[in-house]
Amino acid sequence: MEVEPWCQWAWRAWHDLTDDRQWRGGGLGPATPCRIPWAAAMAYAAQHRLDPDSLLKLLRAMDEVFLVWHAEQVDRAAKAGDVE
């Protein structure tokens, strides 16, 4: 999938900030990702002279897709490991 030129800056920011993401311990299951922290997004916007509101809105939208995708991957892996 090709990233549209108008949003490449946000896509780049999302990838740059992914290491700032915290993960919740999964207890007996795998850890789950959290959203990119607000403070990290605001610092990135200031550093790169980006509109912080637009950046945060796009990061939140991309995080939503990522979190759903991650949950689907965990479910798929759990089902593949089930032996009945």
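The values are calculated or read from the model by the stated rules, or taken from the named source; none is laboratory data. Keep in mind it's a predicted model, so treat the numbers as computed, not measured. A quick note on method: Cβ atoms are made from the backbone with ideal geometry, for glycine too, and the neighbour counts reach across all protein chains shown. Accessible surface is based on the protein model in full, side chains and every heavy atom, while ligands, DNA and RNA are left aside. Shrake-Rupley method; radii C 1.70, N 1.55, O 1.52, S 1.80 Å.
At a glance:
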{"item": "Filter pass, residue 13 being touching a His at 6+ places or on another chain (Cβ under 8 Å), assigned to a helix (DSSP H, G or I) and modelled with pLDDT of 95 or more", "result": "yes"}
{"item": "Any pair with Cβ under 9 angstrom, 6 or more apart, that starts in the stretch 14-40 at a residue that is basic (Lys, Arg) and ends at one that is open to solvent by 50 Å² or more (accessible area, probe 1.4 Å)", "result": "21/35; 24/32; 35/22; 35/60; 35/64"}
{"item": "Subset of the stretch 12-51 [more than 21 Å from residue 2 (Cβ to Cβ), open to solvent by less than 50 Å² (accessible area, probe 1.4 Å) and out of contact with any strand residue (DSSP E or B) (no Cβ under 9 Å at 6 or more places or on another chain)]", "result": "17, 29, 36, 37, 40, 41, 42, 44, 45, 50"}
{"item": "Residue within the stretch 55-68 that is acidic (Asp, Glu) and open to solvent by less than 60 Å² (accessible area, probe 1.4 Å) present", "result": "yes"}
{"item": "Any chance residue 50 is touching a residue at least 12 places away in the same chain (Cβ under 8 Å), in a helix (DSSP H, G or I) and not β-branched (Val, Ile, Thr)", "result": "no"}
